[in-house]
Amino acid sequence: MIDGKHIGGLLALLAALVLPFNATAADKVKVAIGQKGLWDTLIVHQGLEQGIFKKAGLDVEATWTRGGAETLQAVITGSADFALANGITGVIGAYAKGAPVRIVGAQMTGASDLFWYAKADGPVRGMKDLDGKTVGYSRPGSSSHLVALALADAVGVKPRFVSSGDVSGTRVQVMSGQIDAGWSAPPFNLELVTEGKIRIIARGGDVASLNNQTVRVNVAGVKFLTERRDVARRFMQTYADTIDWMYRNTDASIAFYAKFNQLPMDVAKQAFAFYPKQGLALAPIAGLQQSLDQALEYKNIDKPLPVKDAQGMIDLVYQPGK
């Protein structure tokens, strides 16, 4: 017969065995995310806040980057499993050079969220006034780089493009007169528009051809996709589930967005209007031929990459509804 003392000992032993298992049950995932605090770059943080990733058995460590190649480099070097919000032409360039990366989902289709602005008391009133002048974008290969080039081409001007960094760094350069126009995305700088300090001179949506093109993508490393494919699939599924939660619970998700960025709710709601849910769909990778043509035109690649060959760059580990 087992007495109370022995039962207590057995229970203590079982607890010692179970607790370490529970503590290590969640799969660790490292994520690099470009451009801190935008509606679409806060998807992971919304999911973490609501416990959606935890429920899926994922322990997500998210690190911010300043966008462009910096985000992609985190996966190429192995310091992150996923790189989110990468400009697609930059990814095409990296893939063509042999980088071990794959597109695992669209991140933004269309460019309705990006805009360019100049000081309200300056001479620049539209893109047509920027011939020979300086125009900022975040980092080479970013979506802001792609869209800035497309906007200039659409009106037939040749600005001098400058990698001006993130939204706040770009703002300093515009307001101090270091560059003539800069890029932004909601909610940032909307208050300056309201105050009459800056004027919006162009929007990504001004180029109609971009509206049906995936301009940013989510990327993972080949080694990670090979060795931990189930984890990769669960992460992308949970990412999609978080988007669904955000658009079902807009009051809560906009409140989190406002709190994260220390915004008044009216500004947060104004910014939210720039992001239709369909723009965040994980599939398809729309307008791939157009992106390949732009990658060649803007020298991300030095020779044409046929669509059939570019398909090897795409590995959609999870597609909602399939």
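The values are calculated or read from the model by the stated rules, or taken from the named source; none is laboratory data. Quantities reported herein were computed from a predicted structural model and do not represent experimental measurements. Counting neighbours? That spans all protein chains shown, and the Cβs are built from the backbone with ideal geometry, glycine included.
The table that follows gives values for the structure above.
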quantity	calculated
Residue satisfying condition, being in a loop (DSSP other than H, G, I, E, B), of a type outside the set (Lys, Arg) and within 23 Å of residue 215 (Cβ to Cβ), within set 188, 161	188
Residue satisfying all of: in segment 213-264; among the aromatic types (Phe, Trp, Tyr) and within 16 Å of the chain's Cα centre (by Cα); farthest from residue 113 (Cα to Cα) among these	235
Single residue of 205, 321 found to be surrounded by fewer than 19 Cβ atoms within 10 Å (Cβ to Cβ), out of contact with any Lys or Arg (no Cβ under 8 Å at 6 or more places or on another chain) and assigned by TED's automatic domain parsing to the domain that holds residue 151	205
Of all residues in segment 53-89 being among the polar types (S, T, N, Q) and in contact with a Leu (Cβ under 6 Å, 6 or more places away or on another chain), the one that is farthest from residue 245 (Cα to Cα)	89
When residues of segment 38-66 are limited to those that are within 10 Å of the chain's Cα centre (by Cα) and assigned to a loop (DSSP other than H, G, I, E, B), the one modelled with the highest pLDDT	39
Residues being crowded, with 23+ Cβ neighbours inside 10 Å and either modelled with pLDDT of 95 or more or not assigned by TED's automatic domain parsing to the domain that holds residue 176 (or both) - total across segment 128-144	4
Residues (part of a helix (DSSP H, G or I), touching a strand residue (DSSP E or B) at 6+ places or on another chain (Cβ under 8 Å) and at pLDDT 95 or above) located in segment 164-184	170, 171, 173, 174, 175
Selected residue [closer than 20 Å to residue 39 by Cα, among the acidic types (Asp, Glu) and surrounded by fewer than 21 Cβ atoms within 10 Å (Cβ to Cβ)] from 191, 195	191
Positions within segment 59-103 being in contact with a helix residue (DSSP H, G or I) (Cβ under 6 Å, 6 or more places away or on another chain) and over 24 Å from residue 312 (Cβ atoms), in sequence order	60, 62, 65
Candidates 233, 216 - the one that is touching a residue at least 24 places away in the same chain (Cβ under 8 Å), under 30 Å from residue 102 (Cβ atoms) and in a helix (DSSP H, G or I)	233
Filter result (in a helix (DSSP H, G or I) and under 16 Å from residue 285 (Cα atoms)) within segment 297-322	307, 308, 309, 310, 311, 312, 313
Within segment 120-150, considering residues that are among the hydroxyl-bearing types (Ser, Thr, Tyr) and in a loop (DSSP other than H, G, I, E, B), the one nearest to residue 301 (Cα to Cα)	142
Unmet requirement for residue 180, which otherwise passes all of (1) in contact with a Lys or Arg (Cβ under 8 Å, 6 or more places away or on another chain); (2) touching a residue at least 40 places away in the same chain (Cβ under 8 Å); (3) surrounded by fewer than 23 Cβ atoms within 10 Å (Cβ to Cβ); (4) among the acidic types (Asp, Glu)	(3)
Among residues of segment 292-322, those that are over 25 Å from residue 139 (Cβ atoms) and either among the acidic types (Asp, Glu) or in contact with an Asp or Glu (Cβ under 6 Å, 6 or more places away or on another chain) (or both), counted	1
